[in-house]
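Before any comments, here is the structure.
The values are calculated or read from the model by the stated rules, or taken from the named source; none is laboratory data. What you see is a predicted model; the values in this text were computed from it and never measured. FYI the Cβ positions are ideal-geometry reconstructions off the backbone, even for glycines, and counts take in every protein chain you see. Please note that ligands, DNA and RNA were not included when accessible areas were found on the heavy atoms of the full protein model with its side chains. Shrake-Rupley method; radii C 1.70, N 1.55, O 1.52, S 1.80 Å.
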Amino acid sequence: MHRVQARINGKDYEHEVEARLLLVHYIREKARLTGTHVGCDTGNCGACTILYNGKPVKSCMLLAVQANRAEITTVEGLAGNGLHPVQEAFLNRFAVQCGYCTPGMLLSASSLLESNAAPSEAEIREALEGNMCMCTGYQQIVDAIKYAAETMRASTGKSL
Amino acid sequence: MMNLDEIFVTRNWVGKSVRRDEDIRLIKGEAAYVDDLDMDCAHVAFLRSVYAHARITKIDTSKAEALPGVIAVVTGPEVAKQTKPIVARAITQPAIQYVMADKKVRYVGEPLVAVAAVDRYIAEDALELIDVEYEPLPVVVEIADALKKDSPLIFEEAGSNVLLHDTLEHGNMDAAYQEADLVVKEHFRVHRYSSTPLETWAMIAKHEKGNDSFVVWANDQQPGRSTANVCNTLGIPNNRFRLIVPDSGGGFGIKLAIWPHIVILCLLAKKVDKPVKWVQTRREHLLGGSHAPDCDVEIELPMKKDGKILGLFIKDIENDGSFVHTAGIYGLIKFATMVGCYDIRATRAELLSVVTQKGPTVQNRGVGKPTMIFVLERMMDIAAKKLGLDPVEIRFRNFIQPKQMPYTTPSGEIYESGNYPECLQKALSLSGYDELKKRQIEMRKNGKYIGLGISAGIEPGTSNLGYYYTSRGVPEYMGNAEGAIVSIDYDGNVNVVMGSVDQGQGHATTISQVIADMLDIHPERVSVDSHLDSLVSPFLGHSGAYSNKFNDVDLGAVIMATKKVRDKMVRIASHVLGVETGGLQVKNGAVCSRKDEQKSVSFQEIASLAYKKILLLPEGVEPGLKEIAYYKNPMAKLPSRDDFNVQITHSNSVHVVAVEVDVETGEITFLKYVIVHDCGKQLNPGIVEGMTIGSTVHGIGAALLEEFVYDENGQPLSASFMDYMKPLAGGLPRIELAHMESPCPYTLLGTKAVGEGGAIGSVAAVANAVEDALSPFQVKVVSLPITPQKVVKAVKETKEI
Ligand code: FES
Ligand code: FES
């Protein structure tokens, strides 16, 4: 057994875990944050995407012990009480159908917009390479991210 | 179509892209899919067959049972003793299969032993300790192997690997052949693929020891039928089984037959003092979580020199793998709309369902129609080439004309409305087809190969479930219907409970739009519980989400239940206001006098009479404001081999695609993708757009990327997303979508099917475009998927994909 102290969405968690426990299972079952999903467990689908020390990673590809002293953001922590502009955009642009890919998509998208405030369609599509959606065919997701970028630029007053 | 004025009192919401507020939970990570439910469960893992065909000589689970943390184990032979065999829906030959392998295994991935343990990790550890001895048997993988005279039998009792063989003929085919100037023939092979919902199958079963009953939470797509099947298989009364369906992460048909696993979990739950949970791994899903069958289709078109098609013959052989429940249904569904958008007056369909050692099949998005439209639309291009006609022209010469609507096909399918020529015309102009043609010629000079593909397809909706007439004189299910409960609560707000389920189609929003316009309230005042509970939800054998039935019978039930509630409120208001019901109207969440709107009583006030001050209700009016209604589509015919409609609504669309093919690498790039879609009245264009594009991408994946590959021993080679390739955001075209609107006369709101159409038209359109691009190399496309390797090989050597 190993002791894991992780900070998830600004809150501290501490658990004894087995060495083989996957991080995604730690988040879902120990921290009981079930917004992070499992779609494959082979690192292909991106449903388990989280921010690990600020970077999007697939939490089925990490062990829970690797979360020790890490700073993690899951979809539950993406915004405070309200909605992150990307969430707002997903809602307004019909980017959600079954919602199973959505948490992972939102984290990949928000992290893209952190580093690139005005991504082109091709850049958005590239940033989503690690996230599968079986419902939407991606188009409305791409449009939502574009729209989120616009609203975020407008609200920060940055123009290009 | 009903008089819309009888349904709606306002037109503020229906037809608008109202935002899906049910998504708020989803985007905040607050959804409750089965695996998210907060229950203290034991966790289940399955030992699955590693052989494609073998006799089981020994199963020893003692070591596994001794592993600390293991709670219970059930084996196939044990389960077989306690259950009835899987019920077959369409096949005519006897084939006995249990929900778990019993004496022999028939495919890699077939469940053999289920283990419940304190956590999933330990359950998986336990699988390693189970000792199974197999005696391998010769395997049958491909259709041709299954049909050989001396082929090993997968179900000995059937006496053959063909479980269904039927020929259905309508109109005079002999005359069609006699009158024909030529007969165009081809032979196509379509591969196995699946729409693979991102959430796999998941279920929790709890055994109530006190009254020996079960409660199950599962992401079941067809709870009406599943409930019956689970009870029959377990041999328990209906009132000992309760099914609850929480949020579901996509379905596409792939969750229509998860009930055999529910049966296993129930038996395991009997041995455990807490609920048992199983979440399918992606590997399990790809091995045996059901596929669309691969198939082999011979097709013949007797035609005139001018391009007019006189008849259509298909010999369709489906490789249904090893799952007797759904075997045989693809052919029957495919046959129903085999003429596509064309006026073809004679048809003959020879349908075969064969069993092999491939995994189970189930109704994947479009169920056979993607293949039927693929072969038919490929044939239109092939015939055009033979006759020196333009592919556009040959379609115009054969289309069913708008003045022929409603049009009855030779077998009795009724196409209720639509303008197919105009749909093609619109798609051509929107895509700039003529310009693209010119560009094609220009680019060829520079050694670049672009191709244009067209497909015109029918997207049927609302299955008339009596279509299993092949095997059952009187099928167990007929027609189609759904139930809804609509109530007004203390606050005058509306609550809805459905008999159907939702896997992401936005049903709640669409329902709230319809009710908002029926009661003149804001849609926010309508709450729809999209979760199903078989104990309380209005429930029929048809209940579920399949064959695009939502826009028809599900909404029909909502409308009828809302009307009942509205009528009751008007009756109470009439009593309160002293105004005849005919002099009243529903306005702004209240009932008021038409003459004097001041004379008004709000829904909330009416509710307080109905629920609380019941002594003030008019004579003969029951307390409460909750109504249930079931609605069945009136057009479903009784089962018959001569005249039958398998589906009741028929949307149509045209896809126009331009691709560039790199003949050196085989890479295919999209230059243009246009769809003109006619699904009758659209209730929420934002939702329709999403379903159409999503569905189209399923077809693109099927045409270019996805394939379940098996080796000659029946070993699956594509059991992860590394080998089973799905479309990703990059590499897909931007899809341009335009609509036409031919209302359906036989649904209450004029709606038709939405959701499967994209998957139906896209496969053919992409294939036609690739063949067109490769026409300088005389390459013919007669199989799928069109992979880069196949393209390169065809250009250099085989001339055939
Ligand atoms: S679950 Fe982690 S990538 Fe699919
Ligand atoms: S919305 Fe269902 S997987 Fe993306």
(message) List pairs: first residue in the range B:730-747 and closer than 29 Å to A:I141 by Cα and within 14 Å of another protein chain (Cβ to nearest Cβ), second residue part of a loop (DSSP other than H, G, I, E, B) and open to solvent by 50 Å² or more (accessible area, probe 1.4 Å) anywhere in the structure, Cβ distance under 6 angstrom, at least six positions apart or on different chains.
(response) B:G730/A:E129
(request) Go through the range A:23-54 residue by residue and tally those that are within 16 Å of ligand 2 (Cβ to nearest atom), buried (at least 24 other Cβ atoms within 10 Å of the Cβ) and either of a type outside the set (V, I, T) or within 14 Å of B:T281 (Cα to Cα) (or both). (result) 8
(message) With at pLDDT 95 or above and open to solvent by 10 Å² or more (accessible area, probe 1.4 Å) as the only criterion, which of B:D294, B:D316 stands out?
(response) B:D294
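Tell me which helices (runs of 4 or more DSSP H) are completely within the range B:378-464 and hold 2 or more residues being open to solvent by less than 10 Å² (accessible area, probe 1.4 Å) and in contact (Cβ under 8 Å) with a residue 24 or more places away in the chain, or say none if there are none. Show your work before the answer.
Working: elements: B:391-398, B:420-431, B:433-445.
Those helices (runs of 4 or more DSSP H) span B:391-398, B:420-431.
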(message) Restricting to the range A:55-64, count the residues that are farther than 22 Å from B:Q280 by Cβ and either within 14 Å of ligand 1 (Cβ to nearest atom) or surrounded by 17 or more Cβ atoms within 10 Å (Cβ to Cβ) (or both).
(response) 5
(message) Going through B:A126, B:A116, B:A144 one at a time, which residue ends up being small (G, A, S), open to solvent by 20 Å² or more (accessible area, probe 1.4 Å) and away from every other protein chain (no Cβ under 14 Å)?
(response) B:A144
(message) Return the residues of the range A:3-22 that are out of contact with any Leu (no Cβ under 8 Å at 6 or more places or on another chain) and either within 12 Å of chain B (Cβ to nearest Cβ) or within 16 Å of ligand 2 (Cβ to nearest atom) (or both); say none if nothing qualifies.
(response) A:V17, A:E18
(message) Filter the range B:680-736 down to the residues that are of a type in the set (V, I, T) and over 22 Å from B:G457 (Cα atoms) and list them by number.
(response) B:V709
(request) Mind listing whichever residues of the range A:123-135 are surrounded by fewer than 21 Cβ atoms within 10 Å (Cβ to Cβ) and either within 23 Å of B:G758 (Cα to Cα) or within 15 Å of ligand 2 (Cβ to nearest atom) (or both)? (result) A:E129, A:G130
(message) For A:A19, only one of the following conditions fails: (1) surrounded by 20 or more Cβ atoms within 10 Å (Cβ to Cβ); (2) away from ligand 1 (no atom under 16 Å from the Cβ); (3) not β-branched (V, I, T); (4) not assigned by TED's automatic domain parsing to the domain that holds A:E126. What is its number?
(response) (1)
(message) Return the residues of the range B:758-778 that are small (G, A, S) and more than 14 Å from chain A (Cβ to nearest Cβ); say none if nothing qualifies.
(response) B:A764, B:A765, B:A767, B:A769, B:A773, B:S775
(request) Could you tell me whether any residue of the range B:745-755 is within 22 Å of the chain's Cα centre (by Cα), at pLDDT below 95, open to solvent by less than 60 Å² (accessible area, probe 1.4 Å) and closer than 20 Å to A:M132 by Cα? (result) yes
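Only residues that are more than 16 Å from ligand 2 (Cβ to nearest atom) and within 14 Å of another protein chain (Cβ to nearest Cβ): list them for the range B:237-269, please. Break it down stepwise before answering.
So the first thing to find is which residues in the range B:237-269 are more than 16 Å from ligand 2 (Cβ to nearest atom), and the list is B:237-245, B:256-269.
Result: B:V245, single match.
Quick one: would you say A:N116 is more than 14 Å from ligand 2 (Cβ to nearest atom) and either touching a residue at least 60 places away in the same chain (Cβ under 8 Å) or more than 10 Å from every other protein chain (Cβ to nearest Cβ) (or both)? Explain how you work it out, then say what you get.
Values: more than 14 Å from ligand 2 (Cβ to nearest atom): yes; either touching a residue at least 60 places away in the same chain (Cβ under 8 Å) or more than 10 Å from every other protein chain (Cβ to nearest Cβ) (or both): yes.
So A:N116 passes the test.
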(request) Determine the pairs where a residue that is more than 14 Å from chain B (Cβ to nearest Cβ), located within the range A:53-76, has a partner that is within 14 Å of ligand 1 (Cβ to nearest atom) and assigned to a helix (DSSP H, G or I) with Cβ atoms under 7 Å apart, the partner being 6 or more residues away or on another chain. (result) A:P56/A:L107; A:P56/A:S108; A:L62/A:L23; A:Q66/A:L23; A:A67/A:L23; A:A67/A:Y26
(request) State which residue is surrounded by the most Cβ atoms within 10 Å (Cβ to Cβ) when the search covers only the range B:666-701 and only residues that are in contact with a helix residue (DSSP H, G or I) (Cβ under 6 Å, 6 or more places away or on another chain) and in a loop (DSSP other than H, G, I, E, B). (result) B:L683
